[in-house]
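First up is the structure itself, then whatever we jot down about it.
The values are calculated or read from the model by the stated rules, or taken from the named source; none is laboratory data. Note that the structure is a prediction, hence the values are computed from the model and not measured. Because the Cβ atoms are built from the backbone with ideal geometry, glycine has one as well, and the counts that use them run over all protein chains shown. To get the accessible areas, we keep the full protein, side chains included, count just its heavy atoms, and leave off ligands, DNA and RNA. Shrake-Rupley method; radii C 1.70, N 1.55, O 1.52, S 1.80 Å.
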Amino acid sequence: MTKIVILTGAGISAESGLGTFRDKGGLWSLHKIEDVASPDGFSRDPDLVHRFYSARRQQAAQAVPNAAHAALARLERDWPGDVVIMTQNVDGLHEAAGAHRVLHMHGTLSGALCANCEHRWTHRRKCRLTPPAPPVARARPDVVWFGELPYHMDEILTHLEEADIFVSIGTSGQVYPAASFVQEARMQGAETIELNLEPSEISAAFTQHHYGPASEVVPQWVARLLPDPA
Ligand code: OAD
């Protein structure tokens, strides 16, 4: 059975109204990474970090999945082989579209983590991040920051080794280790496909490319793999 491994980035959620990081007007042109997405930034100014993620959490809570998320959920449901989504996104829109096998390598906006003891809990998507009670003292968003290790890496590497098809959707290929997944999959003989608005930094590493908005190119790609829904 053909196993499909999918990596997604901010571009898949752009048409759901969530900003990307490095496009014009993207989050990293408005905020300094070292202030809002690093352990040092959190130590210096936790309120600033909480304000940044609270705003993102509120935006994500209002966002709805688009046709690209829906197409991947359909692929997961109807493909006879294994389908795994590994996402750099923290917005939860894959699950909102009905996908179940999603590995959140950069954490989730709905997760909270104690910076002192690593206790984890979830909170309602619309709430501000607040610790449930002492002694859980230093609540931080359960998202992976620069200088920290992404989650689920052992599992991800196993999926990449097993992949027959590796697809990268809406990611600029500028952040590692996600940017190296195409090489991992290719070394194991997988077909590699890039679906993105435009060629990414690492587009040369892919054997197939389809460029355009995710809400168009992802459903088109899924439609080529699956017959029309009954
Ligand atoms: P980027 O902002 O770096 O890249 C977004 C990509 O999506 C670009 O290649 C765009 O061309 C593409 N894109 C934009 N709109 C699109 C659309 N409608 N359809 C398809 N593609 C579109 O975002 P990521 O690659 O996800 O990490 O960034 C990776 C990581 O860098 C993030 O997870 C985040 C960030 O720093 C952390 O915060 C740890």
For the chain: relative contact order, % (alpha-carbon pairs under 8 angstrom, 6 or more apart)
23 percent
At 0.36 nm per residue, and after removing the present C-alpha to C-alpha distance, how many nm does the segment from Asp154 to Thr122 gain when stretched out fully?
9.2 nm
Can you give me the C-alpha center-to-center distance between the stretch 207-230 and the stretch 36-87, rounded to a whole angstrom?
22 Å
What ranking of Asp164, Asp154, Asp40 comes out by heavy-atom accessible area, probe 1.4 Å, highest first?
Asp154, Asp40, Asp164
Taking all protein chains together and a probe of 1.4 Å, list Thr108, Thr158, Thr8 from the most accessible to the least accessible.
Thr158, Thr108, Thr8
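Nearest 0.05, what FRET efficiency do Ser180 and Thr2 give at R0 = 22 Å with Cβ-Cβ as r?
Values: r = 23 Å, r/R0 = 1.03.
That gives a FRET efficiency of 0.45.
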What number comes out for accessible area per residue over the stretch 1-114 if the probe is 1.4 Å? Units Å², please.
41 Å²
Put +1 on the Cβ of every Lys and Arg and -1 on every Asp and Glu Cβ in the stretch 148-195; which of Gly189, Ile169, Leu157 then has its Cα farthest towards the positive end of the dipole?
Ile169
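Charges at C-beta only: +1 for Lys and Arg, -1 for Asp and Glu. How large is the resulting dipole of the stretch 158-216 about its Cα centre, in Debye rounded to 20?
100 debye
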Here the equivalent ellipsoid of the chain, derived from its Cα gyration tensor, has semi-axes (largest first, whole Å) of 30, 18, 18
Between the residues Ser13, Ser29, Phe52, the Cα farthest towards the positive end of the dipole of the stretch 1-56, that dipole coming from +1 and -1 charges on the beta-carbon of Lys, Arg, Asp and Glu, is from Ser13
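With all protein chains present, how much of the accessible area of the stretch 37-91 (probe radius 1.4 Å) comes from carbon and sulfur, to the nearest whole percent? Walk me through the numbers before you get to the answer.
Details: 1080 of 2240 Å².
Ligands and nucleic acids excluded, carbon and sulfur reach 48 percent.
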Distant-in-sequence amide H partners of Leu7 (H built 1.01 Å from N, under 5 Å):
Met86, Val167, Ser168, Ile169
Gln59/Glu34 FRET efficiency (R0 22 Å; Cβ-Cβ; nearest 0.05)
0.50
Stretchable slack from Asp82 to Met187, in nm (0.36 nm times residue separation minus alpha-carbon distance):
35.9 nm
With no solvent and one equal point scatterer per Cα, compute the Debye intensity ratio I(q)/I(0) for the stretch 146-230 at 0.13, 0.21 Å⁻¹ and report its log10, rounded to two decimals.
-0.45, -1.04
Surface/4 of the Cα convex hull for the stretch 11-127, nm²
8.0 nm²
